[in-house]
1. Return only the number of the condition from (1) at pLDDT below 95; (2) assigned to a helix (DSSP H, G or I); (3) surrounded by 10 or more Cβ atoms within 10 Å (Cβ to Cβ) that residue 18 does not satisfy.
2. Does residue 83 satisfy the criteria of being in contact with a strand residue (DSSP E or B) (Cβ under 6 Å, 6 or more places away or on another chain) and either within 19 Å of residue 117 (Cα to Cα) or exposed (fewer than 12 other Cβ atoms within 10 Å of the Cβ) (or both)?
3. Select from the range 119-131 the residues that are farther than 12 Å from residue 149 by Cα and out of contact with any helix residue (DSSP H, G or I) (no Cβ under 8 Å at 6 or more places or on another chain) and list them in ascending order.
4. Of the conditions (1) part of a strand (DSSP E or B); (2) closer than 19 Å to residue 142 by Cβ; (3) out of contact with any helix residue (DSSP H, G or I) (no Cβ under 6 Å at 6 or more places or on another chain), residue 89 satisfies every one except a single condition; which number is it?
5. Please pick out the residue among 157, 146 that is surrounded by 12 or more Cβ atoms within 10 Å (Cβ to Cβ), within 23 Å of residue 91 (Cα to Cα) and at pLDDT 95 or above.
6. Mind checking which residues of the range 31-61 are touching a strand residue (DSSP E or B) at 6+ places or on another chain (Cβ under 7 Å) and buried (at least 17 other Cβ atoms within 10 Å of the Cβ)?
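The values are calculated or read from the model by the stated rules, or taken from the named source; none is laboratory data. Note that this is a predicted model, so its numbers are computed, not measured. Methodologically, a virtual Cβ is constructed for each residue, glycine included, from the backbone with ideal geometry; neighbour enumeration extends over all protein chains shown.
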């Protein structure tokens, strides 16, 4: 009888422990759904919709440290300027992954991976660049975003085009 009582108690305790444990990793959440809307707004160059998902005090750290963080207003202005350089851009659907994690400190982050594909207007060349972005959410809004990607191929091509243009101008002057 004692064994049955202890077995019953062990089962109840294990079920209670399992019920109290919150999900710390998922690929489906309201925050992921929100971040999908952010990516769609970016792809569609819908700056108002994009900004609506960020807290007014959000810090944007795309390829920079906290010391050089941007506001959402600064990010939108930079994205608008960048948009004038590209005929199109998108994230390749087959490359896109999302996950949400809750850290040991209780912070909620959505991680995004994808291959950014864009066609640069001056040379009509298409670039595919792997990107990782992680966004911290508080009360449904993004309060911090860290993005990592390598734009060196684009920058080198733009530099080469600028040097070629300068050379043509110099040749016509001489």
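1. Of everything listed in (1) at pLDDT below 95; (2) assigned to a helix (DSSP H, G or I); (3) surrounded by 10 or more Cβ atoms within 10 Å (Cβ to Cβ), residue 18 misses just condition (3).
2. Numbers: in contact with a strand residue (DSSP E or B) (Cβ under 6 Å, 6 or more places away or on another chain): no; either within 19 Å of residue 117 (Cα to Cα) or exposed (fewer than 12 other Cβ atoms within 10 Å of the Cβ) (or both): yes.
Criteria not met by residue 83.
3. Listed by number, the residues that qualify are 119, 121, 124, 126.
4. Looking at each condition in turn, residue 89 falls short on (2).
5. Result: 146 is the single residue among 157, 146 that is surrounded by 12 or more Cβ atoms within 10 Å (Cβ to Cβ), within 23 Å of residue 91 (Cα to Cα) and at pLDDT 95 or above.
6. Residues satisfying the conditions are 31, 32, 35, 39, 53, 54, 58, 59, 60, 61.
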